[in-house]
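Visitor: One structure, pasted below without further comment.
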Amino acid sequence: QVQLVESGGGLVQPGGSLRLSCAASGSIFKINGMGWYRQAPGKERELVARIIGENSPAYADSVKGRFTISRDNAKEMVYLQMNTLKPEDTAVYFCNAQVQIHRWLPVESTYWGQGTQVTVSS
């Protein structure tokens, strides 16, 4: 079984910054992609950023230029640097990963973390 654990959330004022971290552990042969989703009160869960392979990032339009996703493959971790935070960024942020468990079985499974709260408020 694969486990994802997020950290780094908290309360920050508008214009401030936070850095989220996600660590993957368990039976892992290869992580094909990792990303971040968020769910704000009264809204559906949405993609924030994702990175496929070694260096293929993609971002939601609402966070382009403000957020940066990065991945440490050796440590099986992914990060989300969030700058110039706005109140509308307030949400629970979830780590997501697409994992191949067995070398001999090319089947990809999706795993989710439990989420970390980010609150942007004065």
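Visitor: Quick one: length gained pulling ILE28 to SER109 fully straight, 0.36 nm per residue minus the C-alpha distance?
Guide: Working: separation 81, 0.36 × 81 = 29.16 nm, distance 1.05 nm.
Additional length available on full extension: 28.1 nm.
Visitor: A further question on this structure: Quick one: what are the phi-derived ³J(HN,Hα) couplings along the range 50-62, Karplus 6.51/-1.76/1.60 with θ = phi - 60°, whole Hz, x for glycine and proline?
Guide: Result, rounded to whole Hz: 8, 9, 9, x, 7, 7, 9, x, 9, 9, 5, 4, 5.
Visitor: If you don't mind, there's one more thing I want to ask. Student exercise: in the chain, how many lysine pairs 8 or more apart or on different chains have Cα atoms under 25 Å apart?
Guide: On the way: LYS30/LYS75; LYS43/LYS64; LYS43/LYS86; LYS64/LYS86.
Close lysine pairs found across the chain: 4.
Visitor: Now for a separate question. Below 13 angstrom from the Cβ of ALA23, what's the summed charge of the other residues (Lys, Arg +1; Asp, Glu -1)? Let's see the in-between values first.
Guide: Numbers: positive: ARG71, LYS75; negative: GLU6, ASP72, GLU76.
Residues near ALA23 contribute -1 overall.
Visitor: What's the long-distance tail for the range 21-85, i.e. % of Cα pairs beyond 18 Å?
Guide: Values: 793 of 2080 pairs.
In whole percent, the long-distance tail amounts to 38.
Visitor: Additional query: Would you kindly find the accessible area of LYS86, with a 1.4 Å probe and non-protein molecules such as ligands, DNA and RNA excluded, rounding to the nearest 10 Å²?
Guide: Approximately 80 Å² of LYS86 is accessible to the 1.4 Å probe.
Visitor: Now, a different point. Roughly what would the spin-label model give for GLN100 and ALA60, points 7 Å off Cα along C-beta, in nm?
Guide: 3.0
Visitor: Taking all protein chains in place and a 1.4 Å probe, what share, in percent, of the accessible surface of the range 1-109 do carbon and sulfur account for?
Guide: Details: 2890 of 5950 Å².
Ligands and nucleic acids excluded, carbon and sulfur give 49 percent.
Visitor: Okay, next question. With every protein chain left in place and a probe of 1.4 Å, what is the accessible surface of GLU54, to the nearest 10 Å²?
Guide: Spelled out: GLU54, probe radius 1.4 Å, area about 130 Å².
Visitor: Using a probe radius of 1.4 Å on heavy atoms only, what accessible surface per residue do you get for the chain? Whole Å² is fine.
Guide: On the way: 6730 Å² over 122 residues.
Computed with neighbouring chains in place, this is 55 Å² per residue.
The values are calculated or read from the model by the stated rules, or taken from the named source; none is laboratory data. Computed from a prediction, not measured in an experiment: that's the story for all the values here. Reconstructed Cβ throughout: ideal geometry from the backbone, glycine too, with neighbour counts over all protein chains shown. SASA here: full protein model, heavy atoms, side chains in, ligands and nucleic acids out. Shrake-Rupley method; radii C 1.70, N 1.55, O 1.52, S 1.80 Å.
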